[in-house]
Amino acid sequence: MKIRRLDVIRRHMLYDNTNEKIPMSIFLLLPQFLLTSALDKISEDTIDSYFTDQVPESVRCYSPFSLIGVIGAGTMGSVLSVDVVENTATLNWRIQGNGCKRNLF
């Protein structure tokens, strides 16, 4: 998606026009949203089956809360890892107009 966005910016010469809208359709994000939702459902079902099958009977009543906790911890971990990489990377990741340099990482 990022490569397509940068290609549209390059074709329309919008590198230095920070106030200009990038002419892209929102429907280009549809495959990304479908893949993300499918993977979310698969991970939720897998974690739920783990807590149902592998956890002792006495703590199975806590499995919905454990499911939410594991997914939340994973989300926080991914956000934290992106923040750590962004702050420690030696590449220039500063946004310069519409020509973001993150594609160079």
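The values are calculated or read from the model by the stated rules, or taken from the named source; none is laboratory data. Here the structure is a predicted model, which means the values were calculated and not measured. Note: ideal-geometry Cβ built from the backbone for every residue, glycine included; neighbour counts use all protein chains shown.
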>> Could you tell me how many of the residues in segment 51-65 are over 16 Å from T75 (Cα atoms) and within 24 Å of the chain's Cα centre (by Cα)?
In response: 1
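Quick one: in segment 1-19, which of the residues that are loosely packed, with under 12 Cβ neighbours inside 10 Å and of a type outside the set (K, R) is modelled with the highest pLDDT? Spell out the reasoning first.
Let us first name the residues in segment 1-19 that are loosely packed, with under 12 Cβ neighbours inside 10 Å, namely 1-4, 7, 11, 13, 16, 18-19.
When the remaining residues are screened for being of a type outside the set (K, R), the result is 1, 3, 7, 13, 16, 18-19.
Working: M1: 67, I3: 77, D7: 80, M13: 76, D16: 71, T18: 67, N19: 73.
The qualifying residue modelled with the highest pLDDT is D7.
For the condition in contact with a helix residue (DSSP H, G or I) (Cβ under 9 Å, 6 or more places away or on another chain) and either part of a helix (DSSP H, G or I) or at pLDDT 85 or above (or both), what is the one hit in I71, I42, I22, I95?
Working: I42 fails: in contact with a helix residue (DSSP H, G or I) (Cβ under 9 Å, 6 or more places away or on another chain); I22 fails: either part of a helix (DSSP H, G or I) or at pLDDT 85 or above (or both); I95 fails: either part of a helix (DSSP H, G or I) or at pLDDT 85 or above (or both).
Result of the check over I71, I42, I22, I95: I71.
Does S58 satisfy the criteria of being touching a Ser or Thr at 6+ places or on another chain (Cβ under 7 Å) and either more than 27 Å from K2 (Cα to Cα) or hydrophobic (A, V, I, L, M, F, W, C) (or both)?
Numbers: touching a Ser or Thr at 6+ places or on another chain (Cβ under 7 Å): no; either more than 27 Å from K2 (Cα to Cα) or hydrophobic (A, V, I, L, M, F, W, C) (or both): yes.
In short, no.
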> How do the pairs read when you match residues in segment 51-68 that are in a helix (DSSP H, G or I) with residues anywhere that are small (G, A, S), using Cβ under 7 Å and keeping only pairs 6 or more apart or on different chains?
Replying inline: F51/S63; F51/S66; T52/S63
> Taking interchain pairs and intrachain pairs at least six residues apart, which have beta carbon atoms under 6 angstrom, with the first residue in segment 21-48 and of a type outside the set (A, V, I, L, M, F, W, C) and the second assigned to a helix (DSSP H, G or I)?
Replying inline: D48/L67
